[in-house]
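Read-outs: derived from the displayed coordinates by stated rules, not from any lab. Here the structure is a predicted model, which means the values were calculated and not measured.
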Amino acid sequence: MNTTAVQPVSISARSSLIRLSLVRGLLAIAWALAFAAAHDTLNAVALTLLIAYPLIDAVSSAIDWLAVPEGSERRVTALNGTLSTLAAIALGIAGTAGGVAAILAVFGSWATISGAAQLAVGLYRRGPTLGRQWPTLISGGLSFLVGAVYVAQATAPSPSLDVLSVYATGGGIFFIAQAALLVWKSRSQRTTGQV
């Protein structure tokens, strides 16, 4: 992929991306802890958490969309936010009408599509300003693969939602790692005189 056509990212956009990645990572880990404690029975708390997780992604995508310049990256970010909103609605329906298997199938489908979008954004952002984007690329790739596994597990005799806390924890760690790498990249550019 040719990254030379990507518009340069301003310092304020980079700072916004650092904050967004850090907050998103911390929210994912907090969600994982809450869901691990609440998902044994598919009650209102567990269902609310299930709906909230893709909504966190949708809000994050909207914030990210506002921070990036026009172009392919912005369109992918908008698409991801829209899909995450639709996933929240679908999870609400699956949780009230379909049960564990339906929830796992919806979550897995969303994770697969969202992972592909994350991979695309990571590829667009690779370059001298935002670095190599390894945490974003690895996280997107894993989300894509794990989502497909969840869809397959939904058809198993005894599907379980235990895996969703692991998924969110992994995503949270990768977002925090991306924030840390962006901070390191920003500091190293300041010491070398690059903007």
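Residues with amide H under 5 Å of Leu42's amide H, sequence separation 5 or more or different chain, H placed in the peptide plane at 1.01 Å from N; which?
Those qualifying (amide H under 5 Å, at least 5 residues apart or on another chain) number zero.
How long are the three semi-axes of the equivalent ellipsoid of the stretch 27-190, in whole Å, if each is the root of 5 times an eigenvalue of the C-alpha gyration tensor, listed from largest down? Provide the component values of the computation, followed by the final result.
Numbers: eigenvalues 171, 49, 39 Å².
Semi-axis lengths for the stretch 27-190 are 29, 16, 14 Å.
Given 0.36 nm per residue, what is the gain on full extension from Ala152 to Leu66 after removing their alpha carbon distance, in nm?
Values: separation 86, 0.36 × 86 = 30.96 nm, distance 3.55 nm.
Gain in length upon complete extension: 27.4 nm.
Could you give me the ³J(HN,Hα) list for the stretch 150-160, computed from phi with Karplus coefficients 6.51, -1.76, 1.60 and θ = phi - 60°, whole Hz, x at Gly and Pro?
4, 4, 5, 5, 4, 8, 6, x, 10, x, 10
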